[in-house]
Amino acid sequence: MTTVPAPRPAAGTVETAIRTRRSTIRLTEPAPSPDELLDLLAAAATAPDHGQLRPWRLIAIRGDARAGLGEAAAEAAPTADLAERVAAKHLRAPLMLAIVFQPRKHPTIPRWEQLAATSAMATTLLLLLDTRGWGGVWFGGPYPDAPQVRKHLAIGDGEQLLGYLYVGTPVPGDGPRPRPAADVRSKLTWLDDIAL
Ligand SMILES: Cc1cc2nc3c(=O)[nH]c(=O)nc-3n(C[C@H](O)[C@H](O)[C@H](O)COP(=O)(O)O)c2cc1C
């Protein structure tokens, strides 16, 4: 006979947080303080991670440093018009968190598992931020592989920039966006001998 485990007390809260989280694109001041960010990062670092390698690091970019990074990224743009828009993208949130993947050489833990662990940490951090009332969105760029960006952020040879979490306060009045239900029936198949 199989039994269903009793839900832990916080289970409903966690499920609600997951089901109601949305990426927030329009962001304004303030952003989480350095202390709060460290606290949330410690929580996010509990995400599944084979061998607890923590093969990642974050760079927090705020204030005028955003414009400095924006200028570096703009240098990679093919046209002046695009360069201007790329630079402006770096000012759309008060805080940018560069997600830097640091794959480790390991005899049994392949690169893909380390990338998955890094993604798990980043999505957990987004969820935690959302739960605290902060807004955030993960964007892959601009130009994460551009030499100008890599140099500006001192991304090492073995490292990969996985874009940025843009973080701040949701613009007042935007309100929560309802999420359309996902039909995942075609995403799940079973291999078993029980007739459903
Ligand atoms: C690694 C990663 C990179 C992403 N990069 C972009 C991007 O560059 N531009 C974009 O519009 N959405 C990007 N997204 C998707 C958004 O972060 C977001 O998930 C999407 O807009 C759906 O919104 P939701 O999170 O509220 O469901 C990216 C997501 C991930 C996981």
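The values are calculated or read from the model by the stated rules, or taken from the named source; none is laboratory data. Just so you know, these numbers come straight off a predicted model, no measurement behind them. Every residue, glycine as well, gets a Cβ built from its backbone with ideal geometry; the counts of neighbours run over all protein chains shown.
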Only one of Ala72, Ala88, Ala116 is exposed (fewer than 14 other Cβ atoms within 10 Å of the Cβ), assigned to a helix (DSSP H, G or I) and small (Gly, Ala, Ser), namely Ala88
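Conditions tested, residue by residue: (1) at pLDDT 95 or above; (2) closer than 20 Å to Val100 by Cα; (3) basic (Lys, Arg); (4) more than 16 Å from the ligand (Cβ to nearest atom).
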residue: Thr20; (1), (2), (3), (4): no, no, no, no
residue: Arg54; (1), (2), (3), (4): yes, yes, yes, yes
residue: Ala60; (1), (2), (3), (4): yes, yes, no, yes
residue: Asp64; (1), (2), (3), (4): yes, no, no, yes
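Quick grid of which residues meet (1) surrounded by fewer than 17 Cβ atoms within 10 Å (Cβ to Cβ); (2) more than 22 Å from Arg85 (Cα to Cα); (3) within 15 Å of the ligand (Cβ to nearest atom):
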| residue | (1), (2), (3) |
| --- | --- |
| Thr123 | yes, yes, yes |
| Leu129 | no, yes, yes |
| Arg132 | yes, yes, no |
| Gln148 | yes, no, no |
| Gly156 | yes, yes, no |
| Glu159 | no, yes, no |
| Tyr164 | no, no, yes |
| Pro170 | no, no, yes |
So Leu41 fits all but one of (1) in a strand (DSSP E or B); (2) away from the ligand (no atom under 16 Å from the Cβ); what number is the exception?
(1)
I'm told Pro178 meets every condition in (1) over 17 Å from Thr24 (Cα atoms); (2) within 15 Å of the ligand (Cβ to nearest atom); (3) in a loop (DSSP other than H, G, I, E, B) except one. Can you identify the failing condition by its number?
(1)
Give me the pairs, please: first residue somewhere in segment 1-28 and farther than 30 Å from Lys89 by Cα, second residue anywhere and modelled with pLDDT of 90 or more and outside any helix (DSSP H, G or I), beta-carbon distance under 7 Å, and either six or more positions apart or on two chains.
none
Can you tell me which condition Trp190 does not meet? The list is (1) under 26 Å from Ala74 (Cα atoms); (2) more than 13 Å from the ligand (Cβ to nearest atom), and all the others hold.
(1)
Set Thr46, Thr108: member being in contact (Cβ under 8 Å) with a residue 60 or more places away in the chain, away from the ligand (no atom under 16 Å from the Cβ) and assigned to a loop (DSSP other than H, G, I, E, B)
Thr46
